[in-house]
Structure formats: C-alpha cells, structure tokens
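Heads up: the structure comes next, in structure tokens.
Each value in this text was obtained by applying a stated rule to the coordinates, not by laboratory testing. Not measured: the values here are computed from a predicted model. We place every Cβ from the backbone using ideal geometry, glycine too, and count neighbours over all the protein chains shown.
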Amino acid sequence: MVLLAVDGSENAIRAAETAAGLVAALPGSVLAVVYVAAPPAQSRIVKANYDVHALLEEDARTVAGPVLHLIEGMGVPYSLEVEMGDPSAEILATAEKVGADLVVIGSRGLGALQGVVMGSVSQKTAQLAACPVMIVK
C-alpha cells in the first residue's frame, strides 16, 4: 500500500507521478490518496445541511483535481481519503489506518532558515512515520 499525501501544490503533482509510477510498476500494490482539508466555513456547513464530510470531499476533489486526473490518466486505481486537522498528524493516522508500506509526499521547498524555524509537513511526517517516507522535490 502506497499512501500519497496531496495539497494541490506543484510538488504534490510530482509526488503523484512518482507514487502512481511505483504502483503501476509493482503488481498487486494499491494507491491511497490523502488530502487534509481546512475546516469549512460555518456558512458552507449550514448550506450543506451539516454534511461536513461531503464538503471536505468536494474540497479535496477541487484542490487535488490535477493530481487525481494524472493518476486516472496513468490507469492506476486509487482510493481518496479526506481528513481534517493537523496535516502531518492526519497523514500519519491515515498511513496507519490504511496499512501504508510507503508514504509519498511533496516537499514544500522551505528556505533553510524557515525550514529550521517552522519545520514542514514532509519533515514532520518523515520523522514520525512508522514506515518509509519518500519526499519528492
């Protein structure tokens, strides 16, 4: 099981190419895509009749659309996991939930000083994951 974490960035597209390529090349492997959404605005929740999961999935398909299109174009089947909360914590929880053997994530390309001060989702995920993490630039 390969878990691909996406956020709508160019680096996420490169990570998707890598992850889908791995899954396509390894018979029997499966791809799960996780998108960690920001909480929707309360007005959207009310309009959606309090169906928060439907809003999160809609947001995920909008933001991750190019990545999902790329994966579909490569003919790789996938499942979409949508979570809400701290990105690295949710990626790690999803990796455990789906039994990931590998997490593939794009690098956000923080500068050296900013990376030291703030850290990054990819760094936190790599440090805390129970399985290997591939960071794609």
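Worth pointing out:
- Of all DSSP bridge pairs formed entirely within the chain, close to 0 percent run antiparallel.
- Over the chain, dividing the summed -39,500 (n - 2.57) contributions of all DSSP H runs of at least 4 residues by the number of residues returns a 222 nm mean residue ellipticity of -15000 deg cm²/dmol.
- Counting only the Cα atoms, the chain fills a convex hull of 109 Å³ per residue.
- The alpha-carbon of Lys97 sits under 19 angstrom from the alpha-carbons of these lysines, leaving out residues fewer than 8 places away in its chain: Lys124.
- Within the chain, helices built from complete DSSP H runs that reach 15 Å or longer along their own axis (Cα positions) and carry a mean Kyte-Doolittle hydropathy of 0.5 or higher are 10-25.
- Nearest-0.05 FRET efficiency for Glu57 and Lys137, computed from C-beta distance (R0 35 Å): 0.75
- About its Cα centre, the dipole of the chain is roughly 280 debye, where the only charges are +1 on Lys and Arg Cβ and -1 on Asp and Glu Cβ.
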